[in-house]
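> Starting off with a structure, shown below.
The values are calculated or read from the model by the stated rules, or taken from the named source; none is laboratory data. Owing to the predicted nature of the structure, the values given are computational and were not obtained by experimental measurement. All Cβ positions, even for glycine, are placed from backbone atoms using ideal geometry, and neighbour counts span all protein chains on display. Just the protein is used for accessible areas: all its heavy atoms, side chains included, with ligands, DNA and RNA removed. Shrake-Rupley method; radii C 1.70, N 1.55, O 1.52, S 1.80 Å.
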Amino acid sequence: MSEEIEQPKHEKKDKMNFFKNFNYNKWYKFMLIIPLLLFFISIFSIGLTYSKTGDFILKDVSLSGGTSITLSGDFDYVYLESELKKEYEDISFKGLSDIASGKQIAFIIESSSQPEDLQKSIENILEEELTSENSSIEFSGPALSGDFYKQLIFALIISFILMSIVIFVLFRTFVPSMAVIFSAFGDIVMPLAIINYFGIKLSTAGIAAFLMLVGYSVDTDILLTTRALKKQGGTLNHRIFGAFKTGIFITLTALFAVLPAFFIVTGLPDSFRQIFLILALGLSADIMNTWLINASIIKWYGDKKGIK
């Protein structure tokens, strides 16, 4: 009686394992379609941004130059914002709140206008003079901000190139190395397209966040490629799945660390929130690019090379 009960259980287990392997072996190439489609849509979106603005990103005052006025008095900021929007087309606003109480403690106004013009407009609307006690004014020239922006982009490109060299030295094979590099590139392109779509202007902190993504994005890709192609034991599918269990835990841990900081903590400066937003978008894109694109390429490469 016991043998009759155990046999169906073993058969059921074997059928389930076969079903899992069969599904992945059959559908892993089709798993590339959605992330590749999103990748090319992102490239197209960034291209549209470039055709409209002459640059791949939307830059704030810290990168494009202009005036930043921080108000700390007890003013009607809603009325001020609505009136300034009527006068200036390129103006933006940021509110700073106390982390403990959530009370707004400052209001930042940014525009490419000259500081004296923007200050005069604010004073006319508020009917109050801006002094060192209730405001602070900062101005950066377009040339200086432009040079700083070029240096940041150059640093981002160099970091990506150095990362690519390390990947090629580590694996010494073209297809797995290009899969890692392509996945890392997608982790940068997709968040950038989303940020451009919602009209978010990047600051210097935002560029720094993309630099951080270069490092974050290759961790799971290296884990996947190393375990799948270099580790012995089990089938290729088992090694890919084992890398997935470890890699997804790493990515989700990092994702759950940055998301609360963006959504829950309300008193953070806008630059910090921008870093958390970019990291969250990049880590989310990394899940798709690593485990749909890179894993599928590794599976295809392993099958072609007879790696079991």
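> Among 179, 184, 205, which is part of a helix (DSSP H, G or I), of a type in the set (Gly, Ala, Ser) and at pLDDT below 90? Explain how you work it out, then say what you get.
Numbers: 179 fails: at pLDDT below 90; 184 fails: at pLDDT below 90.
On inspection, the qualifying residue turns out to be 205.
> Among the numbered conditions (1) closer than 30 Å to residue 215 by Cα; (2) in a loop (DSSP other than H, G, I, E, B); (3) of a type in the set (Ser, Thr, Tyr), tell me where residue 159 comes up short.
(2)
> Can you tell me which of (1) open to solvent by 10 Å² or more (accessible area, probe 1.4 Å); (2) part of a helix (DSSP H, G or I); (3) over 25 Å from residue 53 (Cα atoms) is the one residue 225 doesn't meet?
Looking at each condition in turn, residue 225 falls short on (1).
> Answer yes or no: is there a residue in the range 230-250 that is surrounded by fewer than 16 Cβ atoms within 10 Å (Cβ to Cβ), out of contact with any helix residue (DSSP H, G or I) (no Cβ under 9 Å at 6 or more places or on another chain) and of a type in the set (A, V, I, L, M, F, W, C).
Yes, because at least one residue in the range 230-250 is surrounded by fewer than 16 Cβ atoms within 10 Å (Cβ to Cβ), out of contact with any helix residue (DSSP H, G or I) (no Cβ under 9 Å at 6 or more places or on another chain) and of a type in the set (A, V, I, L, M, F, W, C).
> Being under 18 Å from the mean Cα position of the chain (by Cα) and in contact (Cβ under 8 Å) with a residue 60 or more places away in the chain is the requirement here; does residue 289 meet it?
Details: under 18 Å from the mean Cα position of the chain (by Cα): yes; in contact (Cβ under 8 Å) with a residue 60 or more places away in the chain: yes.
Spelling it out, residue 289 is indeed under 18 Å from the mean Cα position of the chain (by Cα) and in contact (Cβ under 8 Å) with a residue 60 or more places away in the chain.
> So which residues in the range 141-193 are more than 23 Å from residue 281 (Cα to Cα) and among the polar types (S, T, N, Q)?
Listed by number, the residues that qualify are 145, 151, 173, 177.
> Follow-up. Pick from the range 130-189 the residues that are surrounded by 13 or more Cβ atoms within 10 Å (Cβ to Cβ) and among the acidic types (Asp, Glu): which of them is farthest from the chain's Cα centre (by Cα)?
138
> Something else now. Give the range 261-283 a look and list any residue that's modelled with pLDDT under 80, farther than 17 Å from residue 204 by Cβ and not in a loop (DSSP other than H, G, I, E, B), or say none.
Matches in the range 261-283: 261, 262, 263.
> Considering every residue within the range 41-55, establish whether at least one is in a loop (DSSP other than H, G, I, E, B), among the small types (Gly, Ala, Ser), open to solvent by 20 Å² or more (accessible area, probe 1.4 Å) and free of Cβ contacts under 8 Å to residues at least 60 places away in the same chain.
In the first step, residues of the range 41-55 are kept if they are in a loop (DSSP other than H, G, I, E, B); the result is 54-55.
Adding the requirement that they be among the small types (Gly, Ala, Ser) leaves 54.
Checking which are open to solvent by 20 Å² or more (accessible area, probe 1.4 Å) leaves us with 54.
Narrowing the set further to residues that are free of Cβ contacts under 8 Å to residues at least 60 places away in the same chain leaves 54.
Among the residues of the range 41-55, at least one is in a loop (DSSP other than H, G, I, E, B), among the small types (Gly, Ala, Ser), open to solvent by 20 Å² or more (accessible area, probe 1.4 Å) and free of Cβ contacts under 8 Å to residues at least 60 places away in the same chain, which makes the answer yes.
> Can you confirm whether residue 290 is exposed (fewer than 15 other Cβ atoms within 10 Å of the Cβ) and not charged (D, E, K, R)? Step through it out loud before you land on a result.
Numbers: exposed (fewer than 15 other Cβ atoms within 10 Å of the Cβ): no; not charged (D, E, K, R): yes.
It is false that residue 290 is exposed (fewer than 15 other Cβ atoms within 10 Å of the Cβ) and not charged (D, E, K, R).
> Another one. From the list 159, 132, 164, 111, which one is in contact with a Phe, Trp or Tyr (Cβ under 8 Å, 6 or more places away or on another chain) and without any contact (Cβ under 8 Å) to a residue 60 or more places away in the chain?
From the options 159, 132, 164, 111, the qualifying one is 111.
> How many residues, within the range 60-81, are outside any helix (DSSP H, G or I) and open to solvent by less than 60 Å² (accessible area, probe 1.4 Å)?
Looking only at that region, the number is 10.
> Same structure, new question: I want to confirm something. Restricting to the range 82-96 and keeping residues that are part of a loop (DSSP other than H, G, I, E, B) and surrounded by fewer than 18 Cβ atoms within 10 Å (Cβ to Cβ), which single residue is modelled with the highest pLDDT?
First, pick out the residues of the range 82-96 that are part of a loop (DSSP other than H, G, I, E, B): 88-91.
Imposing the further condition that a residue be surrounded by fewer than 18 Cβ atoms within 10 Å (Cβ to Cβ) reduces the set to 88-90.
On the way: 88: 87, 89: 80, 90: 81.
Result: 88.
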